[in-house]
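The values are calculated or read from the model by the stated rules, or taken from the named source; none is laboratory data. It should be emphasised that the depicted structure is a prediction, and the values quoted were computed from it without experimental measurement. Note: ideal-geometry Cβ built from the backbone for every residue, glycine included; neighbour counts use all protein chains shown. For the accessible areas, the whole protein counts, side chains as well, though only heavy atoms, and no ligand, DNA or RNA atoms are used. Shrake-Rupley method; radii C 1.70, N 1.55, O 1.52, S 1.80 Å.
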Amino acid sequence: MKKLIFAILLFSLSDFALAQRSTISGYVEDERTGESLFGVNIVDLNSQRGTTSNLYGFYSLSLPGDSVEVRFSYVGYEPQFHNFSLEKDTTIQVRLAHRTNMDEITIEADRVAPIEERSQMSQIRVPVQMIKSQPALLGESDVIKTLQMLPGVQSGSEGSSGLYVRGGGPDQNLILLDGVPVYNASHLFGFFSVFNSDAISNVSLTKGGFPARFGGRSSSVLEINMKEGNNQEFRGEGGLGLVASRLTLEGPIGGDRTSFMISGRRTYIDLLMAPVISNQSDGDESFGYYFWDMNAKVNHRFSERSRLYFSIYGGDDHFYYKDEYDYGNVTDTNDGDLSWGNITSALRWNYQFSNRLFSNITLIHSRYQFNIGSETSTTERGGGQQFTDSFSIGYRSGIRDWGARIDFDYFPDPDHYIRFGGMATTHRFSPGALQFRDEDQGETDITDILEPNEQNGLEYFLYAEDDYKVTDWLKLNFGLHHSGFYTDNTYYPSLQPRVSSVWDFYGGVAVKLSYAYMAQHLHLLTNTGIGLPTDLWVPVTNNVKPQRSHQIAGGLARSFMNGQYEISLEVYYKKMDGLIEYKEGAQFIGASDNWDEKVETGGVGWSRGIEFFLERSFGSTTGWIGYTLSRTDRQFKNLNSGDRYPYNYDRRHDLSLVVSHKLSDRIDIGGNWVYGTGNATTLPLATFRPNDTGPQHFRSYGSLQYYGDRNSYRMRAYHRFDIGIQFHRTRRWGERTLSLDIYNVYNRKNPFFMYLHKDQDSQETVGRQVSLFPILPSISYNFKF
């Protein structure tokens, strides 16, 4: 603590050492809502020195005392200019107004920092409006499904909301909602994500070249931030779809210092199916499924230097069934449910120590829980008495985090943007508890077949990084990330260097290079690819070591036509070790073994690829073309005879075309086409009887299947075309939008999984595929007021 106070004092006093410079600082906000704007480009046109606003809208720009002309520009907003003589430190609070005409944007001032000037590589920010403009499955816009169409990102299986980034698994993605880890991001068994697009403001995916401030996962970082809430006026928006409805409200509380945002969503599949179930049931039966989620945020400005934010997310999926049959004096009842869900919360305090030093302190809580329950009971009546016998089984698992984080942003001069800080998190893992409960005529017997076996872990990290402009043609981002994990009296330290660079090569073309070493102390036990709630989060143990990855990436980048288009070509190589995989035949529930005895450990993985990305981010027509050529292999000592094999989601070719076009003020149209090489799978190559001759008592009448190499078969290629059209209309009370979407327009029968089938006539065994989604039209009604 003494060292931390000394560092803060040192940075605060640095203003005296730089007395020849003066600093312009403040916050940039949306004029209409008062929300902070992240990534605003701030440039002094006289000296061509500049910076960008951070996640909370804060900026700091130190310049020599002279006449300055500072431009604030952001896509979709009118640029703002400030001309004055800079003689002392100056605070400018900026509120940018929305641009009223977005059809033609060719002014240089409108663009953010172009791709060839950013040292960060392998990072893509996706506007929320682009997410909403894309065709939606069953009328539900989905952040994850939009990200799946980016180069280097794969979906796994048909319709799923999983992310497989540059050969990594779903456990290797750090998903942050307002800075809090989300451990299961799936609704409806993986077909929708937990993120309500009406409640979010920023989406950013980092695939490589990780800055030192990120850690804990080895493949990607997905940052999603909630809206802060409108502090100028009360507003709302929502929608009615085929499977779900949602409503978002936001506004000021007692003036413009405090604002709130609350957003809720729920499916009504169970309500729609209830009449059908009751008409087809012979007894008293009911079953159904629904999910709900809620986002809320409150923020308060104590002063221009001090702000407080509190955000919370809660969501659950629930599948249930119940049947009851009455046979006169005997009643049989079966009751069961399956539920899973997340709760995350964050309390943040921003404080500006000086015009150059900004801090953020965050307290976090995250909980993921999964439960299965089933009960069977029989009630007998007779002789004026009633007896009930029941038998139930329950299984539960989960993970809970409590943590604290502190981050500092320091701006000594326009050539340096220094970040440093740290975090400590306590994890409580509950890999699984299985319990039987038997009640017979009032006597209860409870048996713990699988003990709770909870395990605690303490994880921390410290980091420091600098975004340094060495010369006009070379910029670096370099830093160190030190992490540690303590569990079961064992300590796992790791020092992880990170560096990325951008070099202005020739004619506006930038050459980018990066290296990142990542360590991960958590594992996800899964034997499916669709994010089922049975996936279990577990820590490192004496048998299961941390995951580690080394990634090298290089590429070319350029923007053109005044920044309207950005094009990049990246090549990457990644090696992973410490991977785990279920042993053959192992299941997530088992009474005999601990979880770390059911997995193969010490796995190694390799992934390499080439990614092409062409994007138009603003104008009447927006979208991108993304292509990935890649290969991903895995190797375990006791799997596939110890030989390398293709990863389940190794996909040689992956192509996506995404377009959104504004036909007029009242009509938008969007579409996408995706193509991917078929997933790898393992199918039997032959069936035989090992011993059906000789003496009868030695014969074997069963049959065995020979599988050959692991993942040696490829399913059919995957491709589909989606289209959507939106009709807008302004009313006295606000705006309404009618959306018509068609998923899988040409009804492509894409493989979901495959199985073997023996034809009864020919007696031949053939492979058959199961397809999930045919052509699916949907309609939704959205509104704003």
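Could you size up the charge dipole of the chain around its Cα centre, putting +1 on the beta carbon of Lys and Arg and -1 on that of Asp and Glu, and report it in debye to the nearest 20?
I would put it at about 2440 debye.
Evaluate the charge dipole of region 551-671 about its Cα centre and quote only its size in Debye, nearest 20, assuming +1 on the Cβ of each Lys and Arg and -1 on the Cβ of each Asp and Glu.
Rounded to the nearest 20 debye, it is 400 debye.
Rank by packing, highest mean first: peptides 304-311, 726-733, 661-668, with packing defined as the count of other Cβ atoms within 10 Å averaged across residues.
Highest to lowest by the protection proxy: 304-311, 661-668, 726-733.
What ranking of 178, 89 comes out by heavy-atom accessible area, probe 1.4 Å, highest first?
89, 178
With a bin width of 10 angstrom, please list the P(r) values of region 119-192 as percents of all Cα-Cα pairs, from the 0 bin to the one holding the largest distance.
The percentages, shortest bin first, are 17, 52, 30, 2.
Expressed in whole Å with the largest first, what are the equivalent ellipsoid semi-axes of region 700-755 derived from the C-alpha gyration tensor as the square root of 5 times each eigenvalue?
Working through the eigenvalues yields semi-axes of 50, 12, 9 Å.
Hey, how much of the P(r) for region 541-670 falls beyond 25 Å, as a percent of Cα pairs?
Looking at region 541-670, the distances longer than 25 Å represent 50 percent of pairs.
Going highest first, how would you order 384-390, 152-158, 619-625, 559-565 by mean Cβ packing within 10 Å?
152-158, 619-625, 559-565, 384-390
What is the packing order of peptides 239-250, 768-779, 133-144, 467-478, taking the mean over residues of other C-beta atoms within 10 Å and listing the highest first?
My ranking of the peptides, most packed first, is 133-144, 239-250, 467-478, 768-779.
Cα-Cα pairs above 18 Å in region 314-419: how many percent?
Of all Cα-Cα distances in region 314-419, 70 percent exceed 18 Å.
Counting only protein heavy atoms and using a 1.4 Å probe, what share of the accessible area of the chain belongs to carbon plus sulfur, as a whole percent?
Of all accessible area on the chain, carbon and sulfur atoms account for 56 percent.
Compute the Kirkwood hydrodynamic radius of region 170-257, taking the inverse of the mean of 1/r over all pairs of distinct Cα atoms, and give it in Å to one decimal.
Taking the inverse mean of 1/r over all distinct Cα pairs, region 170-257 comes out at 15.3 Å.
Rounded to the nearest whole Å², what accessible area per residue is found for the chain with the 1.4 Å probe?
Accessible surface, normalised per residue, equals 44 Å².
Per the helix-only calculation at 222 nm, which mean residue ellipticity applies to the chain, given -39500 (n - 2.57) for every DSSP H run of n ≥ 4 and division by its residues, nearest 500 deg cm²/dmol?
Theoretical 222 nm ellipticity from helices: -1500 deg cm²/dmol.
Taking K and R as +1 and D and E as -1, what net charge do the other residues with C-beta under 10 Å from the C-beta of residue 769 add up to?
Value of the local net charge: +3.
Where does region 288-345 land on Rg/Rh, using Cα atoms and the Kirkwood Rh?
Result for region 288-345 is an Rg/Rh of 1.43.
Using alpha carbon centroids, what distance separates region 476-520 and region 387-403, in Å?
41
Choose one of 569, 490, 168: the residue whose Cα lies farthest towards the positive end of the charge dipole of the chain (beta-carbon charges +1 Lys, Arg; -1 Asp, Glu; about the Cα centre).
569
When Rg is the radius of gyration of the Cα atoms in the chain and Rh is its Kirkwood radius, what does Rg/Rh come to?
Radius of gyration relative to Kirkwood radius: 0.99.
On the first, second and third principal axes, largest extent first, how far apart are the outermost C-alpha atoms of region 456-513 in Å?
The principal-axis extents, from largest down, are 57, 15, 13 Å.
Can you tell me the length gained on complete extension of the stretch residue 541 to residue 85, counting 0.36 nm per residue apart and subtracting the Cα distance?
In short, 158.0 nm is gained.
Rounded to the nearest Å, what's the spacing between the alpha carbon centres of region 768-784 and region 602-666? Just the number, please.
Measuring centre to centre over Cα atoms gives 23 Å.
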